[in-house]
1. Spot the failing condition for residue 117; the list is (1) surrounded by fewer than 21 Cβ atoms within 10 Å (Cβ to Cβ); (2) in contact (Cβ under 8 Å) with a residue 12 or more places away in the chain; (3) in contact with a strand residue (DSSP E or B) (Cβ under 8 Å, 6 or more places away or on another chain); (4) under 16 Å from residue 35 (Cβ atoms), and only one is missed.
2. Of the residues 288, 308, 243, 277, which single one is touching a helix residue (DSSP H, G or I) at 6+ places or on another chain (Cβ under 7 Å) and away from the ligand (no atom under 16 Å from the Cβ)?
3. Can you tell me which residue among 134, 149 is surrounded by fewer than 19 Cβ atoms within 10 Å (Cβ to Cβ) and in a strand (DSSP E or B)?
4. Quick one: which residue in 24, 19 is surrounded by 21 or more Cβ atoms within 10 Å (Cβ to Cβ), away from the ligand (no atom under 15 Å from the Cβ) and at pLDDT 95 or above?
5. Take residue 55 and tell me if it is in a helix (DSSP H, G or I), under 30 Å from residue 195 (Cα atoms) and either more than 9 Å from the ligand (Cβ to nearest atom) or touching a strand residue (DSSP E or B) at 6+ places or on another chain (Cβ under 6 Å) (or both).
6. When segment 337-369 is examined, which residues are found to be touching a helix residue (DSSP H, G or I) at 6+ places or on another chain (Cβ under 6 Å) and part of a loop (DSSP other than H, G, I, E, B)?
7. Only one of these is outside any helix (DSSP H, G or I) and out of contact with any strand residue (DSSP E or B) (no Cβ under 9 Å at 6 or more places or on another chain): 334, 372, 328. Name it.
Ligand SMILES: Cc1cc2nc3c(=O)[nH]c(=O)nc-3n(C[C@H](O)[C@H](O)[C@H](O)COP(=O)(O)OP(=O)(O)OC[C@H]3O[C@@H](n4cnc5c(N)ncnc54)[C@H](O)[C@@H]3O)c2cc1C
């Protein structure tokens with residue numbers, strides 16, 4: 001009671017976990033609040049690219065994925081109308097979010113951070129030196145207020161952390177996400193490969209996780225989902241159109257939906273508060289970019305936090321926006337363009353034909369999107 005934390009991180013996913021770890025290892029007092037109990041499953045393709053690994057190495061945890069049993073990714077196999085286009089991947093790993101997110105928070109705790117699960121955080125008012133955060137227990141509803149010199153909002157795609165959360169812009173044509181995990185059986189999908197089925201109105205990605213279970217992650221047009229009646233039915237029609245086998249146990253899968261995917265908040269910083277990860281804006285990823293962007297923003301935050309502890313300024317907020325632009329938003333352009341193409345059947349067919357005829361071209365683009373760019377180089 002009465003303690004002032006250097007940093008309160010709202011959300012214990014990849015962005016929040018990495019930022020908490022980085023701040024704690026610099027000697028700051030860190031409180032992470034996460035609304036769910038861990039380990040937890042969430043809708044995600046579970047694919048990590050070289051940039052994600054590069055950021056982990058930069059904070060001294062380059063062995064984290066390997067220790068969790070991550071499996072290497074070697075190929076992206078795209079399917080449309082019964083044909084497939086295999087593209088080689090420039091590295092990458094598959095690892096369940098249950099294991100990765102938990103391991104990241106354990107590393108943050110080992111570095112000195114305090115982690116509270118089943119605790120929802122909401123930004124409160126600020127005074128010149130601190131910002132308050134209202135904490136509500138997800139279990140019993142008990143409430144308390146804590147104060148921090150800096151608050152990092154890392155609460156993901158949809159969060160109700162800010163009183164003005166209504167100012168998040170969603171794109172009208174944005175697809176919705178969906179996912180499920182099927183138990184390890186003979187599902188017929190080879191490991192070390194991202195299997196990507198393209199259909200009219202959506203796509204479905206399938207990967208074999210480190211525990212042998214099959215992870216499915218999808219994005220659908222809202223009209224396609226409404227016409228199909230359920231995420232399972234929409235996924236089945238995409239898989240059938242692509243000519244992919246229905247995995248064993250498919251109909252028993254427990255699908256979970258996300259809200260509209262592409263979204264952008266009106267501001268990525270406020271007084272004594274920075275937004276990181278999906279909370280700062282979301283674009284559909286394809287080969288492991290989403291978590292890499294979130295980890296990159298998480299790693300970029302600590303120097304701003306250190307600077308802002310004593311002296312917060314509008315200039316710091318402006319530089320945070322510029323840093324996100326240069327480290328994340330610029331890198332999102334290719335994925336944003338690809339998401340637009342995949343919403344148009346004719347363009348999708350054209351792109352697919354190109355992948356089959358000249359695989360070297362898309363492979364070069366994937367290598368470019370996956371190239372490692374570390375935050376420290378960006379912060380003067
Ligand atoms: C269908 C789909 C497939 C995807 N596939 C991939 C992929 O293969 N590879 C990839 O790199 N990315 C993928 N992504 C994107 C990736 O999941 C996100 O970019 C990544 O999880 C963002 O991390 P984050 O830490 O910002 O948010 P999250 O990982 O969502 O973490 C946010 C955390 O905050 C918690 N939280 C929310 N509100 C509060 C609150 N008020 N108080 C406390 N805690 C709160 C949540 O419980 C959650 O644990 C995919 C996304 C979707 C939708």
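1. (3)
2. Numbers: 288 fails: away from the ligand (no atom under 16 Å from the Cβ); 243 fails: touching a helix residue (DSSP H, G or I) at 6+ places or on another chain (Cβ under 7 Å); 277 fails: away from the ligand (no atom under 16 Å from the Cβ).
Only one candidate passes the filter, namely 308.
3. Working: 149 fails: surrounded by fewer than 19 Cβ atoms within 10 Å (Cβ to Cβ).
The unique qualifying residue is 134.
4. On inspection, the qualifying residue turns out to be 24.
5. So residue 55 passes the test.
6. Correct list: 342 only.
7. Checking each option against the conditions leaves just 372.
Table: residues versus (1) outside any helix (DSSP H, G or I); (2) crowded, with 20+ Cβ neighbours inside 10 Å.
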| position | (1), (2) |
| --- | --- |
| 87 | yes, yes |
| 101 | no, yes |
| 107 | no, yes |
| 122 | yes, yes |
| 125 | yes, no |
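The values are calculated or read from the model by the stated rules, or taken from the named source; none is laboratory data. Because the structure is a prediction, the values reported are computed rather than measured. Ideal geometry is used to build each Cβ from the backbone, glycine not excepted, and the neighbour counts take in all protein chains shown.
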